[in-house]
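J.: Below you will find the structure I want to go over with you.
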Amino acid sequence: MEKEEIGAETEKGLLCIHCVDENGNIKSCQEIFDGGVEFFLHTITNVKKDLAEKITRKNMNIQPY
C-alpha cells in the first residue's frame, strides 16, 4: 500500500483510505463491500457485477479487519 492510500493504522495493521471513514473509523462491511464493487465496476472495462462482487469478496477475505 502506498503512503497516500493509508487511511488509518490500528493494532491489526494498516487500513486503506477506502475502508475507513473521514474520522479514521473502519466502515461497516456493507459499506466496504459496496465501495469495492463500485470500484471494480468503474475500473475494469466491461466487468460484470457478479465478477466485481466476487473480486471484492476475495479482497475482503484477506483483510485482518
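J.: Restricting attention to the range 16-61, which trypsin sites (Lys or Arg not before Pro) occupy a DSSP loop and are surrounded by at most 14 other Cβ atoms within 10 Å? Intermediate values should be presented prior to the final figure.
T.: Details: sites: 27, 48, 49, 54, 57, 58; in loops: 27, 48.
The qualifying sites are 48.
J.: So which GluC sites (Glu not before Pro) in the range 9-65 are both in a DSSP loop and have at most 16 other Cβ atoms within 10 Å of their Cβ? It would help to have the intermediate numbers written out before the result.
T.: Numbers: sites: 9, 11, 22, 31, 38, 53; in loops: 11, 22.
Hits after loop and neighbour filter: 11, 22.
J.: Before anything else, pin down the relative contact order of the range 3-61: Cα pairs under 8 Å, at least 6 apart, normalised by residue count, whole percent.
T.: On the way: 50 pairs, mean separation 12.2, N = 59.
In percent, rounded to a whole number, it is 21.
J.: Treat the count of other C-beta atoms within 10 Å as a stand-in for reagent exposure and order 47, 37 from fewest to most.
T.: On the way: 47 14, 37 20.
Least crowded to most crowded, the residues run 47, 37.
J.: Going by alpha carbons, how many degrees (0 to 90, nearest 10) lie between the helix axis of 29-43 and the longest principal axis of the chain?
T.: Result, in degrees: 50.
J.: About the Cα centre of the range 3-61, how large is the charge dipole given +1 on each Lys and Arg Cβ and -1 on each Asp and Glu Cβ? Please answer in debye to the nearest 20.
T.: Values: 8 positive and 11 negative charges, 78 e Å.
The dipole magnitude comes to about 380 debye.
J.: Compute the angle between helix 49-61 and the longest alpha-carbon principal axis of the chain, please, reported from 0 to 90 degrees and rounded to the nearest 10.
T.: Taking the Cα atoms of the chain, the angle to 49-61 is about 30 degrees.
J.: At 7 Å along Cα-to-Cβ for each site, give me the label-to-label distance between residue 46 and residue 3 in nm.
T.: With each label placed 7 Å out from Cα toward Cβ, I get 4.0 nm.
J.: Return one quarter of the surface area of the convex hull spanned by the alpha-carbon atoms of the chain, equal to its mean projected area, in nm². Present the calculation step by step, with values, prior to reporting the outcome.
T.: Numbers: hull surface 18.3 nm².
Projected over every direction and averaged, the Cα hull of the chain covers 4.6 nm².
FYI, it's all coordinate maths here, none of it is from the lab. In this text, all values refer to a predicted model and were calculated from it rather than measured experimentally. Heads up, the Cβs are rebuilt from the backbone with ideal geometry, glycines too, and the neighbour counts pull from every protein chain shown.
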